[in-house]
Amino acid sequence: MTSPDQPARTAPADTSLANRYGAKKRVLPPRTRRIIAGAALAGGIGFLAWVSTSNSLSDISFKDVGYSIPDATVAEVDFHVTREPGTAVKCAVKALDSKYAVVGWKVVDVPPEAPEGTADGGRTVSQRVALRTESLSVSGVVDDCWKADEAGQ
């Protein structure tokens, strides 16, 4: 004969905190934490130094000075370019509308300047560029400047 089914007996529940919430997490020793923190700090300082000097290592820089909008089809952009004396530079200048869309664009040649007769030896020159625009612009900026190739590009 068969015996009637009986429920399986369950083991008594372990009510310890480790069983309920998990084992205690291992903590890094203080010396290891100091080494990790020091390495992270040194890495962060190195990264900041690299970021701050990478722009200054470029031999060409530019600064927007101002712009004017004489009418809906023209924008004038004023800017300074700093480079080694005697270096020809090209700059991309753009005009933007109120939604930051480009409505005018031009690549400008900045010829080499004679080093004598200027305050900084011909390194910095001022430029004013008139851009044709397809609609009313609200600002004008220099997008980028680079050294002109010797081949005349």
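Here, each number is a calculation from the coordinates, and none is a lab measurement. These numbers come from a predicted model, not from an experiment. Cβ coordinates were reconstructed from backbone atoms using ideal geometry, including for glycine residues, and neighbour counts include every protein chain displayed.
Couple of notes before you dig in:
- Extension reserve of the Ala37-Ser16 stretch, reckoned as 0.36 nm per residue once the Cα distance is removed: 4.0 nm
- Extended-chain gain in nm, criterion 0.36 nm per residue less alpha-carbon gap, Glu84 and Val65: 4.8 nm
- Electrostatic tally near Trp146: other residues with Cβ closer than 11 Å to its Cβ, Lys and Arg +1, Asp and Glu -1, net -1.
- Straight Cα distances below 16 angstrom link Lys99 to the aspartates and glutamates Glu134, with same-chain residues fewer than 8 positions distant left out.
- Across region 20-100, C-alpha contacts under 8 Å between residues 6 or more apart give a mean separation that, scaled by the residue count, equals a relative contact order of 19 percent.
- Counted by Cβ distance under 12 Å from Ser135, the other residues give a net charge of -1, where Lys and Arg count +1 and Asp and Glu count -1.
- Environment charge of Arg83, counting only residues whose C-beta is closer than 10 Å and scoring Lys/Arg +1, Asp/Glu -1: -1
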